[in-house]
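A short write-up of the structure that comes next.
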Amino acid sequence: MQAFFTIEQIDEVTAAVREKIKTSPRIGIILGSGLNDLAASVENAVTIPYSDLPHWPRSTVAGHAGQLVVGELEGQQVLVMQGRIHFYEGYTMGQITIPIRVMVRLGLEIMIVTNSAGGINQDFVPGDVMLITDNLNLMGMTGQNPLMGPNLDELGPRFPDMSQIYDAELSELARSSAAERGIILKEGVYVGLCGPSFESPADLRFLQMVGADAVGMSTVPEVIIAKHGGLRCLGISGISNKASLDGSSKTTHEEVIETGKVLTPKIEAIIRGVLKAS
Ligand code: HPA
């Protein structure tokens, strides 16, 4: 399994994508577990199965389709990842972030990431939507940062700043978009863990103590690569379940997918507003 990719390999994938699309996408959108529906609304869409692309990992999780959908949405040229790839599937950090390297190389300006997350903040209930204001990179802190290995100087600096990962202007657009559509938008810190096991009550109490509002198994490696490459990021979590800090209830993937049905229209509406205004 390949840990690091060279710029030549990234460019090989980028060329394979470019060859199949007619447009120059400006905004990348990554759809999380159970949140896949938005891809169906893309107009003049070209779809590219992940299996058609060199080096590109396949999505192996139920609830995650595995294709790129490139076309127009709300007047913007978009590239939608319908189905993301997770670290817990057994891929390397380098592999799961190839799609974002390609977004950087294609010249995208903005990346919108969505995910399903457990609500640690006790004010959150399943079905809430949370604007990600910052994240805790616990995967990185435990030795799994996607930027480890030779730096690709063509894409970004060796030691990229992470003082503001989530773009202030895009976050403001998300707030206005939600408000205009009557959707309550909570805000908070997302913590990214490796998974695939859900957290124990002790894990969750620890995460609460260190300032996490929502917990999931994705997003952080992606935004680190996006930020390294100069993309402006917007992050939205759909709270699919309440994290059980006292162990009194169980968390299941089925629940995550089921709540996704309530979350999808809200997240879609917010994103449409952001796209219109971007
Ligand atoms: N924990 C981790 N990841 C998740 C959760 C959770 O409770 N819900 C959805 N993704």
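Points worth noting:
- Residue count, the stretch 238-250 (criterion: near the ligand (Cβ under 10 Å from one of its atoms) and farther than 11 Å from A117 by Cα): 1
- Filter result (near the ligand (Cβ under 9 Å from one of its atoms) and either assigned to a helix (DSSP H, G or I) or of a type in the set (V, I, T) (or both)) within the stretch 217-237: none
- Comparison of E222, E199, E255 shows that the only residue that is modelled with pLDDT under 95, acidic (D, E) and touching a strand residue (DSSP E or B) at 6+ places or on another chain (Cβ under 8 Å) is E255.
- Test: residue in the stretch 48-57 that is within 16 Å of the ligand (Cβ to nearest atom) and either in contact with a Leu (Cβ under 9 Å, 6 or more places away or on another chain) or free of Cβ contacts under 8 Å to residues at least 60 places away in the same chain (or both): no
- Subset tally (residues that are over 18 Å from the mean Cα position of the chain (by Cα), within 15 Å of the ligand (Cβ to nearest atom) and surrounded by fewer than 19 Cβ atoms within 10 Å (Cβ to Cβ)) for the stretch 168-209: 8
- When every residue of the stretch 154-167 is checked against the conditions, none turns out to be within 16 Å of the ligand (Cβ to nearest atom) and either among the basic types (K, R) or part of a strand (DSSP E or B) (or both).
- Looking only at the stretch 251-262, and only at residues there that are away from the ligand (no atom under 11 Å from the Cβ) and among the charged types (D, E, K, R), the one that is farthest from E109 (Cα to Cα): E254
- As a summary of the residue check, A214 satisfies the conditions (1) touching a residue at least 60 places away in the same chain (Cβ under 8 Å); (2) on the phi < 0 side of the Ramachandran plot; (3) away from the ligand (no atom under 14 Å from the Cβ) except for the one numbered (3).
- In the set (1) surrounded by 15 or more Cβ atoms within 10 Å (Cβ to Cβ); (2) assigned to a helix (DSSP H, G or I), S244 fails one condition alone, (2).
The values are calculated or read from the model by the stated rules, or taken from the named source; none is laboratory data. Predicted, not measured: the structure shown is a model, and the values here were computed from it. Reconstructed Cβ throughout: ideal geometry from the backbone, glycine too, with neighbour counts over all protein chains shown.
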